[in-house]
Amino acid sequence: MILGAVAGQLGCGFEGQGGAAGGADAGTTPDAPAVIPGPGDKDGDGLKDNVDNCPAAPNAAQYDEDGDRVGDVCDNCPHLANAGQENVGETGAGQAADPVGDACDPRPTVSKDRISLFLAYNSTADFAGWSVAGDQNFAVSGGALRNTTTTDLALAWRNDLDLRDATLVTKVKYTALSSTYQFRGFAVVGNFSRSTGNNALGSGLGCGEMHDAGLPGTFFNAARYGGTAFDNEVNGATTLAVDKSAVYSATLAGTTISCRAGAQTWTRTASFSVDDGIALSAWGAGVDIEYLLAFTIDD
Ligand SMILES: [Ca+2]
Ligand SMILES: [Ca+2]
Ligand SMILES: [Ca+2]
Ligand SMILES: [Ca+2]
């Protein structure tokens with residue numbers, strides 16, 4: 001689902017509703033909400049306001065990925081528990097507040113960040129419009145985008161997301177790892193473009209973790225994809241294991257990617273032209289992708 005500027009729309013526009021209910025103070029306080037007997041349902045999603053986790057945004061399904069009791073469609077950090085929805089970083093720096101909460105804002109003291117995309121994979125609608133390739137069986141299941149194949153590359157991508165220079169955040173749980181395939185791991189690939197046949201990987205900048213049997217150990221991964229080849233980078237040892245969960249955060253700027261996993265950050269560049277899509281790629285690894293989020297900067 002595309003959140004757009006949902007958070008910025010909250011808290012306004014409800015004057016003038018009703019009028020049929022009560023009317024005890026008619027004419028004296030024109031900006032006051034209408035008096036409604038009993039709990040109301042101002043967003044009309046079938047849930048009364050006092051039990052609605054987004055009382056001003058229709059969300060009948062009440063999805064709440066981070067469990068902080070603020071629904072995904074109105075949560076200013078839908079992937080991080082922040083029940084207080086604190087967002088004072090910009091105003092504290094003398095700027096206008098943007099719709100992104102302090103807990104997850106890529107630039108917490110600078111205005112104009114927004115959440116452009118949040119896919120929590122609660123329904124098949126969250127995977128609509130995406131393409132797949134390789135030895136894959138991607139499907140939305142159990143609140144995740146799940147791939148269980150481990151034989152080779154499993155790729156899901158979408159080119160037309162208009163996310164140039166975005167910050168991408170994804171959480172993955174490894175559910176299976178090949179014992180024989182050379183490559184095992186996962187990367188979220190930004191600045192992605194793919195328009196050719198099934199043997200081409202496409203082009204983009206990856207952020208994740210990889211075990212390569214041709215290299216010692218397992219390493220954090222900032223992969224540069226270009227055409228039919230990819231170029232992994234060794235960036236420090238880590239460990240892949242079944243049931244491991246990891247959050248990968250990639251900030252893209254032109255042909256440069258800064259990739260963060262845990263406390264480690266690294267930067268790589270690509271020489272090829274890039275587009276504005278995203279790919280989710282696993283090699284030799286079953287994965288449950290729990291969410292994919294993109295921050296962008298408004299002009
Ligand atoms: Ca609602
Ligand atoms: Ca929430
Ligand atoms: Ca939250
Ligand atoms: Ca903010």
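Points worth noting:
- Whichever residue in region 167-187 is in a loop (DSSP other than H, G, I, E, B) and among the small types (Gly, Ala, Ser) and, among such residues, is nearest to the chain's Cα centre (by Cα): SER178
- Residue satisfying condition, being assigned by TED's automatic domain parsing to the domain that holds LEU155 and either away from ligand 4 (no atom under 16 Å from the Cβ) or not in a loop (DSSP other than H, G, I, E, B) (or both), within set GLN62, GLN136: GLN136
- The one condition in (1) closer than 28 Å to ASP299 by Cα; (2) within 16 Å of ligand 2 (Cβ to nearest atom) that TRP130 fails to fulfil: (2)
- For region 178-203, the tally of residues that are at pLDDT below 80 and not β-branched (Val, Ile, Thr) stands at 10.
- Counting only residues that are near ligand 4 (Cβ under 8 Å from one of its atoms) and not in a loop (DSSP other than H, G, I, E, B), region 93-114 holds 1 of them.
- Single unsatisfied condition, THR265 versus (1) at pLDDT 85 or above; (2) in a strand (DSSP E or B): (1)
- Members of region 100-116 that are under 19 Å from ASP68 (Cα atoms) and surrounded by fewer than 21 Cβ atoms within 10 Å (Cβ to Cβ): ASP102, ALA103
- Any hit, region 78-88, residues being in a loop (DSSP other than H, G, I, E, B), within 19 Å of PHE295 (Cβ to Cβ), of a type in the set (A, V, I, L, M, F, W, C) and under 20 Å from the mean Cα position of the chain (by Cα): yes
- Checking each residue in region 84-99 for being within 15 Å of ligand 3 (Cβ to nearest atom) and surrounded by 19 or more Cβ atoms within 10 Å (Cβ to Cβ) picks out ASN87, PRO99.
- Residue match in region 109-116 (condition: within 16 Å of ligand 2 (Cβ to nearest atom) and either modelled with pLDDT of 95 or more or more than 26 Å from ARG260 (Cα to Cα) (or both)): yes
- Residue check, ARG164 surrounded by fewer than 19 Cβ atoms within 10 Å (Cβ to Cβ) and either assigned to a strand (DSSP E or B) or touching an Asp or Glu at 6+ places or on another chain (Cβ under 7 Å) (or both): yes
- Selection status of ALA97, away from ligand 2 (no atom under 16 Å from the Cβ), without any contact (Cβ under 8 Å) to a residue 60 or more places away in the chain and either under 22 Å from ASN53 (Cβ atoms) or among the aromatic types (Phe, Trp, Tyr) (or both): yes
The values are calculated or read from the model by the stated rules, or taken from the named source; none is laboratory data. Everything numeric here is computed off the predicted structure, so don't read it as measured data. Note: ideal-geometry Cβ built from the backbone for every residue, glycine included; neighbour counts use all protein chains shown.
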